[in-house]
């Protein structure tokens, strides 16, 4: 080969590589421009349809899907059916109710993006019980006032169900397609500890196969600062009844010599704690690992004002082991809380002079790192039996299932996609938070499906989850949809660069 021919071939090769590089750059620029131009269109659809969507949201909240009360089982199923119909109306033709040993799971998928990644979106549609007398408006007759939607489940977690569906609706109605494949998975038993969820995942492992997962059952730091939850505590529950007599007794005729069930159960409950407020059950803390230096550093990055929480709740003091900071106690230390008691005459009116023969208490434990729910409940039962007063006997009602603690890493691309979406819409980097709450289903995603489910929910801390007069902000409904739209498009764009 002559020298001139060799130089010509080299020149052509360089030109070819340069042209290919320019073409790839043009494609990338075009793709980014498409993403950038799409968001205003999604935003317009969201704003144009907000009133109609709020009416739908009110319909969903109005169904009393209380999973812990058997009488509401048909309402739970009715809620699932409502969601299935909504999914079908936006173009998710595969939407259906899938059975479990308990309440059904809502499943739906859009799989018309071959070669693109799949994102699974989790939320739950069941809600907590209510004390109607404590509500300013009936809990299942939602009202919208001052930019807030009041009703049981408005925040936790029907907001997550609605926001994720509406974001996908905005994209489908605007573009006629999604940039990735999407699967919806809405549970009906989260509020009772997800006792059948892991088994459901195992039986439907192939159907639920996914590349990425997010949970819409989570919160932001506040309405202007985003957050991603990176750890949650586990949970275990117990109910026990103390009996001292076959019947309530006349306090004049039998008082002074007859054991009192309310007094007995109060003594048992008092024995569960030491003077500093720590749990006095032998072995309760034995498997708790020390708080790490990295966890302490995470806490330092998060502003904390005790007065704000006290203002939200109307409390006048903070309690707990002073060895640990408040956020250390809530994020990384276990608790044992008495969540309810009943005994004697407790009607709103009247005064019955009795010595109660029966009393009941309910306990919830929030657990950390390598604590095991069954082991903890066994320790508590042993403690109660040991401290049961003379003349009293105890029976137990064990709640099904134990939720394990969960931690998600922050050095993955899955985390970065969620972080990027929140940063884009909020204009600020999200805090990395722990939570004292429990997301029992999240650990199951990793164990069964092999993916971490990152938090992407829009509840806010003052919205009275599980309490009376629960509400959700209309502004969060809008912001949440924008985040989901950006997240799905951004993920698709970034993943296309990998291939």
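Nothing in this text is a laboratory measurement; each read-out follows from the coordinates by a stated rule. Worth saying up front: this structure is predicted, and the values here are computed from it rather than measured. Cβ placement follows ideal geometry from the backbone for every residue including glycine, while neighbour counts extend to all protein chains displayed.
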> Against the longest principal axis of the chain, how steep is helix 373-387, in degrees 0 to 90 to the nearest 10, with axes from Cα atoms?
Replying inline: 10
> In which sequence would 466, 351, 383 go, from the one with the fewest C-beta neighbours within 10 Å to the one with the most?
Replying inline: 351, 466, 383
> Going by the alpha-carbon gyration tensor, a ≥ b ≥ c the square roots of its eigenvalues, is region 146-217 rounded (a/c under 1.5) or, if a/c is not under 1.5, prolate (a/b greater than b/c) versus oblate?
Replying inline: oblate
> How much length is gained if the chain between residue 294 and residue 203 is pulled fully straight, taking 0.36 nm per residue apart and subtracting their Cα-Cα distance, in nm to one decimal?
Replying inline: 29.1 nm
> Against the longest alpha carbon principal axis of the chain, how many degrees, from 0 to 90 and to the nearest 10, is the axis of helix 474-498 turned?
Replying inline: 50
> Zone of residue 101 (label point 7 Å along Cα→Cβ, backbone N under 14 Å): which residues in region 118-143?
Replying inline: none
> Where does helix 158-175 land angle-wise versus the long Cα axis of the chain, in degrees 0 to 90, nearest 10?
Replying inline: 20
> Simple spin-label model, 7 Å along Cα-to-Cβ: residue 271 to residue 351 in nm?
Replying inline: 3.2
> Ranked highest first by average number of other Cβ atoms within 10 Å, how do 76-83, 185-192 line up?
Replying inline: 185-192, 76-83
>> Need one word for region 124-257: rounded, prolate or oblate. Basis is the Cα gyration tensor (sqrt eigenvalues a ≥ b ≥ c); a/c below 1.5 gives rounded, then a/b vs b/c decides.
In response: prolate
> Restricting the count to DSSP beta bridges whose residues both fall in the chain, what percent are antiparallel, rounded to a multiple of 5?
Replying inline: 70
>> What does the extension gain come out to for residue 224 and residue 304, with contour length at 0.36 nm per residue minus their alpha carbon separation?
In response: 27.2 nm
> Just how far, in whole angstrom, is region 320-334 from region 340-383 if you go by their alpha carbon centroids?
Replying inline: 23
> In nm, what is the difference between 0.36 nm times the number of residues separating residue 55 and residue 282 and their Cα-Cα distance?
Replying inline: 76.5 nm
> In percent, what relative contact order does region 391-464 have, based on Cα pairs under 8 Å that are 6 or more apart in sequence?
Replying inline: 33
> To the nearest 0.05, what FRET efficiency results for residue 446 and residue 137 with a Förster distance of 45 Å applied to their C-beta separation?
Replying inline: 0.65
>> I need the semi-axes of the equivalent ellipsoid of the chain: take the C-alpha gyration tensor, multiply each eigenvalue by 5, square-root it, list largest first in whole angstrom.
In response: 50, 26, 21
>> Starting from the 7 Å offset along Cα-to-Cβ, what nm value, one decimal, do you get for the label separation of residue 313 and residue 393?
In response: 3.8
> In percent, how large is the relative contact order of the chain, given Cα pairs closer than 8 Å and 6 or more residues apart?
Replying inline: 24
>> If neighbour count is taken as other Cβ atoms inside 10 Å, put 225, 66, 377 in order from fewest to most.
In response: 225, 377, 66
>> At R0 = 45 Å, how high is the FRET efficiency between residue 253 and residue 77 if r is their beta carbon distance? Nearest 0.05 is fine.
In response: 0.35
> Using Cα pairs under 8 angstrom and six or more residues apart, how large is the relative contact order of region 306-404, in percent?
Replying inline: 22
> How far apart, in nm, are two points set 7 Å out from the Cα along the Cα-to-Cβ line at residue 89 and at residue 39?
Replying inline: 2.9
> Just how far, in whole angstrom, is region 126-149 from region 60-82 if you go by their alpha carbon centroids?
Replying inline: 15
> Mean residue ellipticity at 222 nm from the helices of the chain, using -39,500 (n - 2.57) per DSSP H segment of n ≥ 4 over the full residue count, to the nearest 500 deg cm²/dmol?
Replying inline: -12500 deg cm²/dmol
> What is the order of 388, 485, fewest Cβ neighbours within 10 Å to most?
Replying inline: 388, 485
> How high is the FRET efficiency from residue 462 to residue 498, r the C-beta distance, R0 30 Å, rounded to 0.05?
Replying inline: 0.15
